[in-house]
Amino acid sequence: MKQIESLQNPLIKNILKLQEKSRERKKQGLFVIEGKREILLAQKGNYIITSLLFLSSKIDDDYLNHFTNAELIEVTPEIYQKIAYRESTEGVIAVVKSKNLTLDSIIFKNNNPLVLVAESIEKPGNLGALLRTADAANLDAVIIANPKTDLYNPNVIRSSVGCLFTNQVATGSSEDIVKFLQEKDISIYSATLQNSNEYTQEDYTKGAALVVGTEATGLTEIWREHAAQCINIPMEGEIDSMNVSVSAAILIFEAKRQRKK
């Protein structure tokens, strides 16, 4: 088992780069995960873990035995504190190979899939919350249209509590995603105020894609043009919109409710 005791070690320097720079993550095809559960979920999701750095005071052999194909590296508390992203730590960090999150990687096992499409979401916390909701509802896929945030950003992983790895996830342009959904005979329900019906009036029991955008700009025109129906969530207070992750959860669980009838 390898040990690292110097902050100047090339691997330690590279981990810091991977945490901080999307450009480095894309260039190297690697990203960093912190936390026991998140790392195990990534492995379960068939991500390849190349290196596992840990504190011997916090991680036991039972946990390490899950990672027979990874390079196991014991680090000092000083080094771990330097590379740890969270304030409260569990003593383990992994370097992991990225996946090619393309539309053609999605395989539907359900004849009437339920899909979430989120367009141009910028905040990592919102993306993470969407992924967490998708996992809770056991959606067939989550597709990020025109992504503004790197999905392997540490804040996305942290806020999703590892649900980036439990969902089928893909990215693409809005144009390509519309074409993909049409080819799969999946009806589009776009959350927008224009020409919309109240969300409870629609039938989501067949193949359905629930499409949400940002609070600031909403969805682009293509999602209104190709929607089977635009839908809205009635607002009864002073404001006219909700956080995108809250809106998505309302729509998703209405669709799930209909499918359990």
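The values are calculated or read from the model by the stated rules, or taken from the named source; none is laboratory data. Keep in mind that this is a model prediction, so the values were computed, not measured. Cβ sites come from the backbone with ideal geometry, for glycine too, and all protein chains shown count toward neighbours. For accessibility, only protein heavy atoms count, side chains too; no ligands or nucleic acids. Shrake-Rupley method; radii C 1.70, N 1.55, O 1.52, S 1.80 Å.
When the alpha-carbon atoms of region 207-259 are used, the pair Rg, Dmax equals 11.8, 34 angstrom. Secondary-structure-derived ellipticity at 222 nm for the chain, considering helices only, amounts to -9500 deg cm²/dmol, per-run term -39500 (n - 2.57) for DSSP H runs with n ≥ 4. The residues of the chain expose on average 51 square angstrom of accessible surface per residue, using a 1.4 Å probe on protein heavy atoms.
Restriction of the GluC sites (Glu not before Pro) in region 230-261 to DSSP coil positions whose beta-carbon has at most 12 other beta-carbons within 10 angstrom yields Glu236, Glu238. Would you mind telling me which residue in Lys99, Lys58, Lys36 has the biggest mean-square fluctuation in a Gaussian network model of the chain, where springs connect alpha carbons within a distance under 10 angstrom? In the Gaussian network model the winner is Lys58. Size estimate for region 126-235 follows the Kirkwood approach: the inverse of mean 1/r over distinct Cα pairs works out to 14.6 Å. Working note: Debye formula, equal point scatterers on the alpha-carbon atoms of region 1-117, no solvent; log10 I(q)/I(0) at q = 0.13, 0.17, 0.20, 0.22 Å⁻¹ is -0.55, -0.85, -1.11, -1.30.
Ligands, DNA and RNA left out, the accessible area of the chain computed with a 1.4 Å probe is 44% carbon and sulfur. With contacts taken as Cα pairs under 8 Å and at least 6 residues apart, the chain reaches a relative contact order of 19 percent. For the residues Ile188, Ile177, Ile250, a GNM of the chain with alpha-carbon springs under 10 Å puts the largest fluctuation on Ile250. Once the mean 1/r over all distinct Cα pairs of region 90-178 is inverted, what Kirkwood radius in angstroms do you read off? About 13.4 Å, per the Kirkwood formula over Cα pairs. Seen from a random direction on average, the alpha-carbon convex hull of the chain projects onto 15.4 square nanometres.
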